[in-house]
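What follows is a set of notes on a single structure, which appears directly below.
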Amino acid sequence: MSIKTKLVFSNIAMCLIPLILCLITLFGLNNLYSRKLKSYYEVEDMKKKPLLNPYIELKSINIRPFKELQSESEAIPDNFEDKKVLKTINEALLKKNTYIIVEKSGNVVFNGSKKNNKDIISKLDDLNYSRNADRPEPPRTESISDDSETLIRQFTFIFSDGSSGNVFLVADTSKLSQLATEFIISIIIAIIAIISLTGGFITFLVSRSILIPLNQLKIGTEKIKHGNLDFKVRAESSDEIGELCDAFDSMRKKLKESVELQAQYENNRKELISNISHDLKTPITSIKGYIEGIRDGVADTPEKMEKYVNTIYNKTQSMNYLIEELLTYSKLDLKKLPFYFIDMDFVSYMNDLMEEFKFDVEKNNMEFSYDNHIKGKANVRIDVQNINRVISNIISNSIKYMDKEHGKISVEVDSNNEEVLVGIKDNGMGISEEALPYVFDRFYREDFSRNTSKGGSGLGLAICKKIIEEHGGSIWAKSQKGHGTEIWFSIKLKNRIN
Ligand SMILES: Nc1ncnc2c1ncn2[C@@H]1O[C@H](COP(=O)(O)OP(=O)(O)O)[C@@H](O)[C@H]1O
Ligand SMILES: [Mg+2]
């Protein structure tokens with residue numbers, strides 16, 4: 001959900017939720033106060049009454065005892081002379097904050113009030129229909145007087161001796177106004193509480209969905225600042241903040257990759273320096289040894305001297321070779337070796353080149369064969385010198401790693417529709433399965449002892465790979481330990497002319 005929709009929904013919730021909660025609370029409070037009212041006064045069944053009615057329609061108070069007393073006065077009027085009966089009735093009414101006053105022929109014969117109620121007694125004359133000329137007596141009806149504190153109802157009847165009787169039912173309504181005030185105050189408090197609580201809660205929910213991811217991002221930036229990139233910022237939502245989290249995390253990943261790459265470069269550089277120093281130190285140490293031998297007179301015969309000098313010469317030769325290979329490799333690595341590409345027919349190029357190599361190989365007492373499966377011409381764009389170097393490196397490996405009495409080296413040239421393929425096969429010592437994937441790595445030699453009698457820099461095939469890649473081709477090796485090796489490379493055809 002987008003932040004905008006979230007805000008719209010939270011606004012709707014801010015209106016609806018308090019409204020519903022207020023209505024529920026209103027009904028609850030009304031119920032509560034109705035019950036309280038019932039415990040204070042005798043009122044009509046309030047379920048039938050509309051909301052808040054008991055506080056408006058005071059008339060409903062004491063309806064029941066009023067009607068009961070009225071019918072009793074009709075049935076046994078003389079009961080209203082009997083103090084005992086009246087006391088019992090009054091006791092029951094007092095529990096509901098009501099009492100009775102009974103008059104017979106205009107004189108008060110019973111006053112059920114517990115407090116001094118002279119002011120009410122004095123008012124009775126004004127209320128009494130039968131004695132009030134301005135208010136003609138309706139037949140046996142009731143009258144009401146309500147100042148704020150009391151509610152008085154009256155009915156008249158006739159005693160058995162014919163004298164007129166009045167019964168006044170006086171209810172103390174002070175509690176009623178108190179209840180009404182309490183009720184209104186509770187409603188106001190409830191509404192304020194509901195609005196502020198729902199507002200607070202919804203604000204909390206919405207801000208949490210924004211603040212938590214923001215905080216995560218802040219922690220993330222702190223971590224990056226301190227160089228820690230091994231963490232993940234997860235997008236918990238699909239909104240704008242979630243997108244920001246995703247973007248942040250992909251930035252972190254990129255940064256991590258580049259830091260790791262940097263570290264790898266740094267490692268490679270260190271490894272390179274260590275390899276070079278090792279490979280240069282070995283011949284230098286032995287040259288130093290032989291020179292010391294000459295200086296100290298160890299080479300005391302002309303034969304010995306010749307041997308020493310030859311060894312020194314060979315060592316410097318191999319050092320020179322190593323430095324040349326290193327230079328070539330580093331130039332290729334830095335892309336500083338110039339390439340002079342020319343278009344030519346690969347078939348005639350290979351035919352000529354193989355004449356030279358046949359001579360070299362046979363000089364080493366090995367059998368050489370060359371097979372060209374391409375019919376016609378194969379037009380390629382190559383740097384002749386560098387491709388020469390590739391083939392020379394591969395063939396010299398075949399010569400160098402030959403362990404068979406009857407050494408054989410064969411070269412094959414073929415093509416598919418897109419490229420020419422050159423394969424150089426030998427029946428030498430082969431490369432183990434574990435070593436095979438690494439032979440094109442710089443400084444890699446299967447024989448880890450660097451003082452191998454075969455010499456070599458471990459750069460030959462790495463140089464080949466760089467040169468072939470520069471031609472847009474690929475190079476690969478197949479080998480079987482003890483049986484021989486095949487090195488293949490491919491070069492894109494410009495167009496094939498048959
Ligand atoms: N024709 C081959 N026969 C056996 N092993 C080979 C052959 N060509 C390459 N290798 C293995 O691959 C390694 C890497 O070759 P290269 O890069 O030319 O380095 P080196 O200077 O050792 O010749 C060699 O050290 C050797 O172990
Ligand atoms: Mg080599």
Ranking ARG252, ARG295, ARG442 from most to least accessible area with a 1.4 Å probe gives ARG295, ARG442, ARG252
Looking only at the range 1-25, which residues have a backbone nitrogen under 20 Å from a spot 7 Å from the Cα of LEU217 in the C-beta direction? 1-8
Computing the accessible area with a 1.4 Å probe over protein heavy atoms, can you report the carbon and sulfur percentage for the chain? 57
Which of the peptides 420-426, 188-194 is most tightly packed, and how do the rest follow, judged by the mean count of other Cβ atoms within 10 Å per residue? 420-426, 188-194
The simple spin-label model distance between ASN31 and HIS406, using points 7 Å out along Cα→Cβ, in nm, is 11.0
Extended-chain gain in nm, criterion 0.36 nm per residue less alpha-carbon gap, ILE189 and SER113: 23.7 nm
Projected onto the charge dipole of the range 261-337 (unit charges on the beta-carbon of Lys, Arg, Asp and Glu, signs +1, +1, -1, -1), the Cα from THR282, PRO302, TYR321 with the largest positive-side position is that of TYR321
Counting only protein heavy atoms and leaving out ligands, DNA and RNA, the solvent-accessible surface of THR311 at a 1.4 Å probe, in Å² to the nearest 10, equals 30
Diffusion coefficient in µm²/s returned for the chain by Stokes-Einstein, Kirkwood Rh over C-alpha pairs, 10 °C and 1.306 mPa s, is 45
Got the relative contact order for the chain handy, in percent, Cα pairs under 8 Å and 6 or more residues apart? 10
Cross-link list LYS36/LYS114; LYS288/LYS466; LYS95/LYS118; LYS84/LYS123; LYS400/LYS465; LYS425/LYS481: which exceed 24 angstrom alpha carbon to alpha carbon? LYS288/LYS466; LYS84/LYS123
Charge dipole magnitude, Cβ of K and R +1, D and E -1 - the range 338-497, Cα centre, debye nearest 20: 260
Using +1 on the beta carbon of Lys and Arg, -1 on that of Asp and Glu, and nothing else charged, what's the dipole of the chain about the Cα centre, debye to 20? 1020
Filter the DSSP H helices in the chain by two things, a Kyte-Doolittle mean of at least 0.5 and an axial alpha-carbon span of 20 angstrom or more, and list the hits by number. 3-40, 174-225
Enter the accessible area of LYS494 (Å², nearest 10), with the probe set to 1.4 Å and all protein chains included. 110
Roughly what % of DSSP beta bridges within the chain run antiparallel, to the nearest 5? 90
Accessible area per residue in Å² at 1.4 Å probe, computed on the chain: 59
Name the residues whose placed amide hydrogens come within less than 5 Å of the amide hydrogen of ASN97, ignoring near sequence neighbours (fewer than 5 apart) on the same chain. none
Mind checking the full-extension length gain between ASN228 and TYR340? Use 0.36 nm per residue of separation minus the Cα-Cα distance, one decimal, nm. 35.7 nm
Rounded accessible area of TYR265 (nearest 10 Å², 1.4 Å probe): 140
Starting from 0.36 nm per residue, how many nanometres of slack lie between SER277 and GLU355 once their C-alpha separation is accounted for? 24.3 nm
Taking the chain and counting helices only, DSSP H stretches of n ≥ 4 at -39,500 (n - 2.57) each over all residues, the nearest-500 ellipticity at 222 nm comes to -18500 deg cm²/dmol
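The values are calculated or read from the model by the stated rules, or taken from the named source; none is laboratory data. On a predicted model such as this, the values are computed, not experimentally measured, just so you know. Heads up, the Cβs are rebuilt from the backbone with ideal geometry, glycines too, and the neighbour counts pull from every protein chain shown. Heads up: the accessible areas ignore ligands, DNA and RNA and are worked out on the full protein's heavy atoms, side chains in. Shrake-Rupley method; radii C 1.70, N 1.55, O 1.52, S 1.80 Å.
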